[in-house]
Amino acid sequence: MAAEDIQVRICLQEIVKLDLEIKACIQDIRTQADSREALEEINTEIRGKLRKLRKKIEDLERLANEQDREEDRITLLHDVGNHKQQLTNTVSTLRQSNLSAQLAIDRSEKDQLLNGGTGLRKRGGNSKEGLAKVASDITENLMTLNRKIADQVKQSESTKSTLLKSSTTITSTQEEMKSMGGHIKNSQRLITKYSRRQFTDKLLIFLALVFFFVTVLYIMKKRIW
């Protein structure tokens, strides 16, 4: 019985430790995830800790069912329920932090692209050498835009996969915590809203690129003639 008590205490300590570590990582998303690479790195770490936390909660539930005294079993099962509820809340907070970070990164990248286009127009000059430099800069900028768009699509798919995995976790927990049904529906609407916003942002970037390219060609044509 003493050995079982030690196992229970160790399991509870590890659950608390993992929960605190995950919350610290979520705080890192809010303060340090200033790029898609940084965001993905933090999420990778969180996914590993979430797997360990779910396993420890399952271990605690198993230890609870193995208790000889009914009173001990009921107390531990109550703790299991509390930890599952806390896990659900943590996953929800993670999703919201990821969405906020993703939107902030998208806005930052759009600002950089627009500022880059303005800089090119100012550096054009009136000479043929200046026009050639503008054309060269346009080509380089287009290649950079293509790479960034490709990276954006890849990173967005990875982040979306993280969100979908989080939704799966909440759906699994819902089977044990019936009261979370309304919250899961709200989370699914957030994912749908994010997907639509992502498409709109990509379309705006594309239209801005087309407008920029046409404007530069018009300037080059007018100055050469």
Result of the Cβ filter at 9 Å on the range 43-57, keeping first residues that are closer than 12 Å to ILE26 by Cβ and in contact (Cβ under 8 Å) with a residue 24 or more places away in the chain and partners that are open to solvent by less than 70 Å² (accessible area, probe 1.4 Å) and outside any helix (DSSP H, G or I), at least 6 apart or interchain, is ASN43/ALA33
Within the range 65-77, does at least one residue satisfy the condition of being surrounded by 15 or more Cβ atoms within 10 Å (Cβ to Cβ), modelled with pLDDT under 90 and part of a helix (DSSP H, G or I)?
yes
For ARG107, which of the numbered conditions (1) modelled with pLDDT of 85 or more; (2) surrounded by 14 or more Cβ atoms within 10 Å (Cβ to Cβ); (3) closer than 30 Å to ILE219 by Cβ fails to hold?
(2)
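Here is a yes/no grid of residues against (1) within 24 Å of the chain's Cα centre (by Cα); (2) at pLDDT 90 or above; (3) not basic (Lys, Arg):
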position	(1), (2), (3)
THR31	yes, yes, yes
SER35	yes, no, yes
THR44	yes, yes, yes
GLU58	no, yes, yes
LEU103	yes, yes, yes
ASP111	yes, no, yes
THR118	no, no, yes
ARG121	no, no, no
GLY124	no, no, yes
Taking the range 8-58 as the region of interest, how many residues are surrounded by fewer than 15 Cβ atoms within 10 Å (Cβ to Cβ) and over 26 Å from GLN155 (Cα atoms)?
8
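The values are calculated or read from the model by the stated rules, or taken from the named source; none is laboratory data. The structure displayed is predicted, hence computed values, not measured ones. Glycine also receives a Cβ, built like all others from the backbone with ideal geometry; neighbour counts cover every protein chain displayed. All accessible areas refer to the heavy atoms of the entire protein, side chains included, with ligands and DNA or RNA removed. Shrake-Rupley method; radii C 1.70, N 1.55, O 1.52, S 1.80 Å.
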